[in-house]
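Asker: Provided herewith is a single structure, encoded as structure tokens, for subsequent inquiry.
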């Protein structure tokens with residue numbers, strides 16, 4: 001009787017858990033275990049009633065077996081104990097083992113990928129697609145909310161994209177790529193400068209670069225004040241960056257939004 005009831009419970013849980021892919025390290029252990037726990041919870045009432053009718057028909061050890069049955073790839077076989085002397089016979093002990101195994105298998109790979117990630121940039125020869133495809137390969141083992149990886153991605157951007165990304169503040173890696181796509185499609189930069197190196201930009205437009213000339217400080221300050229004044233008249237935030245690129249990009253974006261594509265391009269044409 002108990003065996004038959006137990007089999008019915010396994011089948012009920014299996015109908016739900018079968019929709020969850022077997023685990024090969026595709027997501028953090030706790031996220032995956034929560035999905036299995038959710039599948040088991042659908043049978044909570046059935047389990048409780050069965051155990052009342054016949055004690056210990058379906059125990060935590062049986063639940064742990066369901067977790068074990070979902071392992072695949074480098075995560076099988078699941079050992080009988082972890083650590084030595086502690087049986088993996090309840091869900092919490094299974095979680096502890098899976099966290100250990102995941103760390104063992106992925107952290108070294110992830111650190112190597114993050115090291116490679118620090119050597120990348122969004123290059124002048126890149127399109128949004130080539131950059132994303134190259135970088136996503138280095139992020140396969142990295143959680144979406146990994147703050148270190150997100151900080152590295154910010155550092156990939158040329159200043160012309162960085163200053164525009166600042167206004168969107170992406171919260172995670174997926175948001176970073178979504179915001180970058182929107183920024184890129186709205187207006188692609190004509191020059192690529194990195195980390196404030198304004199003296200030698202990489203030019204990707206058809207026009208010839210002009211050599212850098214020292215500026216009179218007074219004239220430079222007047223120009224900066226004028227740029228800030230225009231931005232403020234367009235409702236630029238008092239607390240926002242006063243970086244000249246940030247001001248220029250804000251003004252460009254506002255004029256584009258207010259004038260529309262045709263009028264914006266018309267206004268940019270030189271008089272004559």
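The values are calculated or read from the model by the stated rules, or taken from the named source; none is laboratory data. Since we're looking at a predicted model, the values are computed, not measured. Reconstructed Cβ throughout: ideal geometry from the backbone, glycine too, with neighbour counts over all protein chains shown.
Asker: Can you tell me which condition residue 4 does not meet? The list is (1) in contact with a strand residue (DSSP E or B) (Cβ under 7 Å, 6 or more places away or on another chain); (2) modelled with pLDDT under 95, and all the others hold.
Answerer: Status for residue 4: all satisfied but (1).
Asker: Moving on to the next point. Within the stretch 115-131, work out how many residues are touching a helix residue (DSSP H, G or I) at 6+ places or on another chain (Cβ under 6 Å) and part of a helix (DSSP H, G or I).
Answerer: Qualifying residue count for the region: 3.
Asker: Hey, another quick one. Within the stretch 106-127, which residues are more than 21 Å from residue 246 (Cα to Cα) and either buried (at least 17 other Cβ atoms within 10 Å of the Cβ) or at pLDDT 90 or above (or both)? Break it down into steps so the answer makes sense when it comes.
Answerer: Of all residues in the stretch 106-127, those more than 21 Å from residue 246 (Cα to Cα) come to 106-120, 125-127.
Correct list: 106, 110, 113, 114, 117, 118, 119, 120, 125, 126, 127.
Asker: What helices (runs of 4 or more DSSP H), lying completely within the stretch 1-91, carry at least 2 residues that are under 30 Å from residue 141 (Cα atoms)?
Answerer: Values: elements: 2-17, 29-41, 44-53, 60-69.
Per the criteria, 2-17, 29-41, 60-69.
Asker: Here's another thing I want to ask about it. Taking only the stretch 231-242 into account, find how many residues are touching a residue at least 60 places away in the same chain (Cβ under 8 Å) and either farther than 13 Å from residue 167 by Cα or in a helix (DSSP H, G or I) (or both).
Answerer: Step one: list which residues in the stretch 231-242 are touching a residue at least 60 places away in the same chain (Cβ under 8 Å), which gives 240-241.
So of that shortlist, the ones also either farther than 13 Å from residue 167 by Cα or in a helix (DSSP H, G or I) (or both) come out as none.
Qualifying residue count for the region: 0.
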